[in-house]
Structures are given as C-alpha cells and as structure tokens.
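The values are calculated or read from the model by the stated rules, or taken from the named source; none is laboratory data. Predicted model, so just to flag it, every value in this text is computed and none were measured. Every residue, glycine as well, gets a Cβ built from its backbone with ideal geometry; the counts of neighbours run over all protein chains shown.
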Amino acid sequence: MDKESGTFQEDMSPFARQLKLVGEEGQKLLEKSTVFVAGVGGLGGTAALYLAAAGVGKLILVHEGIIKPPDLNRQILMDASRIGEPRIPCAVESIKRINPRVEIEAYPERITVDRAVEWAAAADIVIDARYDFPERYALNDACRKVGVPMVEAAMYAFEISLSVIVPGETPCLECLYPVPDQGWEPLAFPVLGATSGMAGTMAALEAVKWITGIGRPAAGEMVRINTLDLSSIRIKLEDTPLCPACAERRHTYAGIHQAAR
C-alpha cells in the first residue's frame with residue numbers, strides 16, 4: 001500500500017491481480033484482519049499459506065508435534081530436510097517466504113478450550129483444521145463463548161466437508177456431530193494431499209469472503225464434495241436439532257427479542 005495516498009499501487013503490489021476482485025477496501029480489510037488457523041497440516045497449512053498470500057495481516061497458528069515422513073504427501077509447509085523438527089517453526093518460515101510482511105503468532109500446542117478462547121477472541125474468524133474430535137469440540141466451544149465465526153473444514157479420503165458456523169445464528173459443530181464416534185482413529189484415515197489441499201483452499205476462500213463481504217459464505221449450510229467425480233450437495237442446516245448450548249442461546253435471544261417488542 002502507498003502510505004501517503006492510502007491506496008494500493010497495482011503495478012507494485014503483490015496483490016495486484018486480486019484487487020479487481022476484492023477492491024481496495026476489501027484488500028484493506030484483509031490487511032487489518034486476524035485469522036486463527038487451528039492446525040497447519042495438509043488442510044490448515046494450505047489455508048494459512050493462501051491467507052498470507054491474499055494479504056491477511058495476522059495469522060495465529062497452532063499445531064503440536066514434529067515433522068514425520070508420512071506428513072510430506074500433504075503438509076506443504078513442511079520440509080523433508082527437517083524430519084524430526086517441530087512443525088510450527090517450519091510452517092512460519094514457509095509462509096514468510098510467500099509474504100514476509102504477515103504477522104504470525106505461532107504455538108506448538110494442542111487445542112484446549114481455555115487457550116482457544118484467548119486465540120479466538122483475538123481473531124476475526126477461525127479455521128478449524130484439526131483432525132481429532134476432542135480438539136474440534138474445544139475449538140467449537142471457544143468460538144461459541146466469544147462469538148467468533150468458525151470455518152469448519154474436513155476431509156476423508158476423496159470427500160470434502162465445509163461449513164461456516166456463526167455462533168447464535170447457525171447450528172454449531174456439536175449440533176452437527178452430537179456424539180463422537182468412539183471407534184474413530186484420528187490418524188488412521190486415508191489422505192491424498194490434493195484432496196486436503198483443495199479443502200484448505202476452500203476454507204481460506206470462506207475466510208476471505210467473510211472478511212471482505214464478497215460472495216456468500218456457507219453459513220448455516222454443509223457443502224459436501226466428492227472429488228472423484230466432482231459431484232456436490234449443499235445441505236441447509238436450519239432444521240438441525242440444536243445442542244443444549246445453542247438451544248439455550250436461541251431461547252435467550254428469542255426472549256430478549258420478545259422483551260424488546
């Protein structure tokens with residue numbers, strides 16, 4: 001951005017090709033925004049990379065553990081020469097190579113409610129890219145507590161699932177998946193890198209749409225895509241049975257609305 005005029009110079013800006021899509025105001029909104037990306041693996045790492053490339057001003061990244069050989073078919077922020085090293089520093093360095101100006105807070109941790117509340121409260125939107133349900137539920141609870149929207153993105157084999165959860169307006173993750181599968185093996189499901197990458201770019205796009213106000217985010221909907229034949233369905237979630245927390249919130253809002261009348 002030209003500091004004197006407050007405008008983006010198209011011939012010099014790394015965002016020149018997207019200004020025609022989001023406009024200068026949209027680009028300024030991205031520059032001022034903070035996105036909390038929970039997980040920087042195949043899905044979350046792709047989302048974080050493209051958010052940085054789009055000009056998001058600040059990223060909060062959270063992912064525990066070290067780089068392992070099986071990560072490399074999908075985790076594009078990782079480096080084969082750094083097997084055995086923590087994931088987070090490598091992820092930060094990879095993102096900085098694309099956008100050196102992006103501010104990054106990075107934490108080598110698992111998601112807990114208390115910590116996630118702190119991170120979500122500092123963000124404009126959250127991307128859930130965690131692979132196991134306990135962390136996804138913790139993230140959902142944190143977003144519900146602070147009222148921050150969450151892009152719920154997941155993949156399994158060749159299938160992608162995507163939704164935008166808006167606390168107080170749409171069903172939450174607990175409404176969609178009220179009873180976790182006790183037989184779920186979080187690290188046993190099959191993964192093709194191109195599928196997780198596709199899910200990650202779609203999650204990044206939902207965040208960009210939410211921040212800039214362009215397009216229509218998948219709020220209150222579940223989008224399912226079979227990448228083998230590119231078939232898709234879009235499911236309205238308005239009739240989804242609400243979890244106790246969302247039902248109580250909906251009842252409270254209705255009471256306030258009635259009192260206001």
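For region 73-103, a residue qualifies if it is within 17 Å of A129 (Cβ to Cβ) and part of a helix (DSSP H, G or I), and the qualifying residues are N73, R87, I88, C90, A91, V92, S94, I95. Applying a threshold of 6 Å to beta carbon distances and a minimum spacing of six or more residues, or different chains, the list of pairs starting in region 222-233 at a residue that is more than 18 Å from L192 (Cβ to Cβ) and ending at one that is in a strand (DSSP E or B) and among the β-branched types (V, I, T) reads M222/I235.
Can you confirm whether region 108-122 contains a residue that is at pLDDT 95 or above, within 22 Å of I165 (Cβ to Cβ), buried (at least 19 other Cβ atoms within 10 Å of the Cβ) and charged (D, E, K, R)? No, region 108-122 contains no residue that is at pLDDT 95 or above, within 22 Å of I165 (Cβ to Cβ), buried (at least 19 other Cβ atoms within 10 Å of the Cβ) and charged (D, E, K, R). Sort out which residues of region 55-87 are within 20 Å of T112 (Cβ to Cβ) and surrounded by 21 or more Cβ atoms within 10 Å (Cβ to Cβ), and write them in order of number. Passing the criteria: L59, I60, L61, V62, H63, R87.
Taking region 140-160 as the range and being crowded, with 16+ Cβ neighbours inside 10 Å and closer than 19 Å to F189 by Cβ as the test, the residues that pass are E152, A153, A154, M155, I160.
Matching residues to (1) buried (at least 18 other Cβ atoms within 10 Å of the Cβ); (2) at pLDDT 95 or above; (3) in contact with a helix residue (DSSP H, G or I) (Cβ under 7 Å, 6 or more places away or on another chain):
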site	(1), (2), (3)
A203	yes, yes, yes
K209	yes, yes, no
G213	no, yes, no
I225	yes, yes, no
D229	no, yes, no
S232	no, yes, no
I235	no, no, no
A247	no, no, no
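Selection within region 138-191: residues that are outside any strand (DSSP E or B) and of a type in the set (S, T, N, Q). The member of this set that is modelled with the highest pLDDT is N140.
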